[in-house]
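Just below is one structure, and these are the notes that go with it.
The values are calculated or read from the model by the stated rules, or taken from the named source; none is laboratory data. Just so it is clear, the structure is predicted and the values come from calculations on it, not from any experiment. With ideal geometry, Cβ positions are generated from the backbone for all residues, glycine too; neighbour counts draw on all protein chains shown. The accessibility values were calculated without ligands, DNA or RNA, using every heavy atom of the protein model including side chains. Shrake-Rupley method; radii C 1.70, N 1.55, O 1.52, S 1.80 Å.
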Amino acid sequence: MRARVQSAGFDLATELAGFGTGAGAVVTFTGVVRDDSGRMAALEIEHYPGMTERALNDYGQQAASRFGLADWRIVHRHGRLAVGEPIMMVATAARHRRAAFDAADYLMDWLKSRAPFWKREIGRDGTACWVDAKASDETALSRW
């Protein structure tokens with residue numbers, strides 16, 4: 001049970017080797033950098049080392065307690081990521097599927113709304129703009 005923040009890519013199969021042993025359900029989610037505008041070249045992600053890892057670990061532990069997880073993992077990247085690259089993953093393992101799905105959903109909602117990352121879209125023309133928080137992400141988080 002752990003969270004990691006890193007600039008390097010990750011391999012989902014490697015992350016899941018031995019994950020959730022003995023659980024009845026394992027749920028994974030991998031987020032990919034997407035270009036909704038058709039003009040983006042990359043996404044730059046900044047964070048405060050130490051603070052970010054603590055926050056991710058705290059929410060992972062809260063999910064474990066709330067949903068009775070046997071295991072959980074969060075990997076989130078930082079730095080410059082091209083469109084189409086994996087940006088993060090969440091994995092949860094529980095005795096039953098509903099708990100594993102709910103825990104993954106809970107962690108994803110938290111990551112979108114509260115994780116201490118700052119994102120900047122880099123356009124193909126070299127322009128850059130910070131990504132604002134979305135009301136829809138706040139609404140999703142309010143479910144919990």
Charge dipole (debye, nearest 20) of the range 1-77; +1 at Cβ of Lys and Arg, -1 at Cβ of Asp and Glu: 140
Among THR92, THR52, THR127, residue whose mean-square fluctuation peaks in a GNM of the chain (springs only between Cα atoms under 10 Å): THR127
Burial ranking of peptide ranges 129-137, 53-61 (average Cβ count within 10 Å, highest at the top): 53-61, 129-137
Net length gained if the chain between SER113 and VAL131 were fully extended (0.36 nm per residue, minus Cα distance): 5.3 nm
Unit charges on C-beta of K, R, D, E only; dipole of the chain, Debye: 300
Pairwise FRET efficiency - GLU85 versus ARG124, Cβ, R0 = 25 Å, nearest 0.05: 0.95
Cα-projected label distance for ASP35 with LEU141, points at 7 Å along beta-carbon direction, nm: 2.9
Accessible area per residue in Å² at 1.4 Å probe, computed on the chain: 54
GNM result for the chain, Cα springs below 10 Å: residue of ALA100, ALA70, ALA17 fluctuating most strongly: ALA17
Leading residue at positive end of dipole, the chain (Cβ point charges), from VAL90, TYR48, PHE117: VAL90
Gain on full stretching of the segment that runs from GLN61 to ARG95 - 0.36 nm per residue minus C-alpha separation: 10.6 nm
The range 85-117-the range 10-64 distance, computed between alpha-carbon centres (Å): 8
Computed magnitude of the charge dipole of the range 105-144 (debye, nearest 20; Cβ of K, R +1, Cβ of D, E -1): 80
FRET efficiency estimate (nearest 0.05) - Cβ-Cβ, GLU44 to GLN6, R0 25 angstrom: 0.95
Ratio Rg/Rh, restricted to the range 76-142 and using Cα atoms, in which Rh is the Kirkwood radius: 1.05
